[in-house]
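All remarks here apply to the structure that follows.
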Amino acid sequence: MNGAGKVFLVGAGPGDPELLTVKAKRLIGTADVIVHDRLVSTEILDLVPATAALLSVGKQPKQHSVPQDEINRTLVRLARGGLTVIRLKGGDPFIFGRGSEEAIELAKAGIPFEVVPGITAAQGCAASALVPLTHRGMATSLRFVTGHCRDDEPLDFDWASLADSHTTLVIYMGFAHMAEIAARLIEHGRAPQTPVVAVSNGTRPDEKRIISDLAHIATDVLEAGMANPVAFFVGEAAGIDLAVHPSPAPHVRLVAPRLEAVNA
Ligand SMILES: C[S@@+](CC[C@H](N)C(=O)[O-])C[C@H]1O[C@@H](n2cnc3c(N)ncnc32)[C@H](O)[C@@H]1O
């Protein structure tokens, strides 16, 4: 028998609390319990009222600390207890966030739920790093691509279409596979000099960026000591220089912290 509980699958955006939607912020204030991911920033968790319980189900890459089945069951159980549950996810819940899997389980269990979109990493990091995702005549389409497949299966993509020179690619979860992704794109016709911007911890005070190209990006992110989460922007639009910074190497521009870049 269901109680009067409800689950809100809420996007928390890429980290900057000012990028929360008004609705997300209001819902956080009404929660009985917040079930959150590792990617939800501490600044956003600071907004959780003292009356709400905080439950972390965060996953590190390759360390699924709480299995998805268990998260699904937890959401159902809490809602059946009559609670208002905010399932707070980094970025947008329906973009590489497994929000659809949770929604399916809630629907199957007859639990009322609502989805509240968030600013996805692509948008937040692009704005922060001044990377236009589209640009008239240069970048006429945009694709969000996962750089990591389920159970570490091989990356089995339509490489020819991803190599289209007028498409901006935003690669999520690509840190571990960037060398392979770059090689396959080049193999399928994308120029080795295609600009690539990597943004780690985008929109947060410790944001870092590298400007590189397809031929060098995999080694450059390692040399720069970048760490997850990292979003990669591949395409001519990523090479549009909207801000001017000194360059530590011909093909690399490392900028940290974020505000220096904005104010430069
Ligand atoms: C499991 S996906 C979640 C995506 C999320 N649902 C969204 O819409 O942004 C995690 C990946 O998103 C990207 N990501 C999320 N937040 C980020 C941030 N603040 N800076 C850079 N990349 C981020 C990284 O590629 C990371 O590996």
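Taking a straight line from the alpha carbon of Lys23, these aspartates and glutamates sit under 18 Å away, with near neighbours fewer than eight places off in the same chain left out: Asp32, Glu43, Asp46, Asp92, Glu114. Of all DSSP-defined beta bridges confined to region 121-263, some 75% are antiparallel rather than parallel.
The chymotrypsin sites (Phe, Trp or Tyr not before Pro) found in region 53-156 include none that occupy coil by DSSP while having at most 16 further C-beta atoms within 10 Å.
Each Cα pair of the chain feeds into the Kirkwood radius, which the Stokes-Einstein equation turns, at 37 °C and 0.692 mPa s, into a diffusion coefficient of 170 µm²/s. Dipole of the chain computed with +1 at Lys/Arg Cβ and -1 at Asp/Glu Cβ about the Cα centre; of Leu20, Ala179, Val131, farthest Cα towards the positive end is Leu20. Beta bridges from DSSP with both residues in the chain: antiparallel share about 45 percent, rounded to the nearest 5.
Note on the chain: GNM, Cα springs under 10 Å; of Gly124, Gly225, Gly29, the largest mean-square fluctuation is that of Gly225. Which Cα, out of Gly99, Gly82, Val116, lies furthest along the positive dipole direction of region 6-116 (beta carbon charges, K/R +1, D/E -1)? Going by the Cα projections, it comes out as Gly82.
In debye to the nearest 20, how big a dipole does the chain give about its Cα centre with +1 on each Lys and Arg Cβ and -1 on each Asp and Glu Cβ? Working shown, then result.
On the way: 24 positive and 29 negative charges, 154 e Å.
For the chain, the charge dipole is close to 740 debye.
Exactly which trypsin sites (Lys or Arg not before Pro) in region 12-77 are in a DSSP loop and have at most 10 other Cβ atoms within 10 Å? Those that pass, being in a loop and sparsely packed, are Lys62.
Leu83 sits among other residues whose Cβ lies under 13 Å from its own Cβ, and their net charge, with Lys and Arg +1 and Asp and Glu -1, is +3.
None of the figures in this text is laboratory data; all of them are computed from the coordinates on show. Please read all numbers here as calculations on a predicted model, not as lab measurements. Using ideal geometry, Cβ is built from the backbone for each residue, glycine included, and neighbour counts are taken over all protein chains shown.
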